Amino acid sequence: MKQLVVFLIFINILNATSFQEANNVHKNQGALKAIPLYKKLAKENNTKALNTLAIIFIQGDGVKKDIKRAYKLLKKSEKLHSSQAKYLLGKIYQSNKSPYYNKIKAYNSFVDSANEGYSKSQTMIGKYFLFGKLVDKDYEKALYYFKKASKQKDYSSNCYIAYMYASGSGVFPNFGRAHQFAKDQYRLGNKLCKKVWKDYNLGKYKKDDGWQIGDYNKPVK
């Protein structure tokens, strides 16, 4: 049994190294050079390779954009239980320019991925509940998903948390806490954080200690 575990760990290391090599080629030599390497890994059911290939075809990275090809790759990755694939499929379903446009499928795909712990999907579902997209507004659920994403360092979620505390959306207004969650992304130029910072004049609340009250007081660094 011990030998089997060691063997499986060794195989996983090989797969990870192989993907890393392909990814390094991609970064240093471009997508065209990396595609054959990703394809080889994709045939071996490597979900990272499948998802990366899909992104290449979605973005047209060195190749012609091909949503249908990307969709096929992501469906294969989804069957292999990739939460990232479900997120990317949700983005495809969400776009009204996509031949697969379907708002309900988009939501369901994001929910599945979010509940599996994928941070970008958690931020996306938080937005659904915050703004009442397709579902009724539910600030408690919105804040729940934004916090989940924030704790995984999906920093875009911090801007939505800042907005909720600044605007009092489902929570008692707390400008000190809003400042804490907005400041880093504001400095990095995030559009939403810049808007919240300006609209609620958050710069003047940096000495407010009110943000210290509660179960999640400031973003994870």
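The values are calculated or read from the model by the stated rules, or taken from the named source; none is laboratory data. Note that this is a predicted model, so its numbers are computed, not measured. Reconstructed Cβ throughout: ideal geometry from the backbone, glycine too, with neighbour counts over all protein chains shown. Heads up: the accessible areas ignore ligands, DNA and RNA and are worked out on the full protein's heavy atoms, side chains in. Shrake-Rupley method; radii C 1.70, N 1.55, O 1.52, S 1.80 Å.
A count restricted to the stretch 24-66 and to residues that are open to solvent by 30 Å² or more (accessible area, probe 1.4 Å), part of a helix (DSSP H, G or I) and under 20 Å from residue 80 (Cβ atoms) stands at 8. Scanning the stretch 117-153 for residues that are part of a loop (DSSP other than H, G, I, E, B) and either surrounded by 21 or more Cβ atoms within 10 Å (Cβ to Cβ) or in contact with a Leu (Cβ under 6 Å, 6 or more places away or on another chain) (or both) returns a single hit, 118. The residue that is surrounded by the most Cβ atoms within 10 Å (Cβ to Cβ), counting only those in the stretch 68-116 that are closer than 20 Å to residue 46 by Cα and aromatic (Phe, Trp, Tyr), is 87. Out of all the residues in the stretch 163-173, is one or more open to solvent by less than 10 Å² (accessible area, probe 1.4 Å), over 13 Å from the mean Cα position of the chain (by Cα) and closer than 27 Å to residue 188 by Cα? Scanning the stretch 163-173 turns up at least one residue that is open to solvent by less than 10 Å² (accessible area, probe 1.4 Å), over 13 Å from the mean Cα position of the chain (by Cα) and closer than 27 Å to residue 188 by Cα. Cβ-Cβ distances below 7 Å connect no pair with a first residue in the stretch 85-108 that is touching a residue at least 40 places away in the same chain (Cβ under 8 Å), a second residue that is open to solvent by 40 Å² or more (accessible area, probe 1.4 Å), and a separation of six or more residues or different chains.
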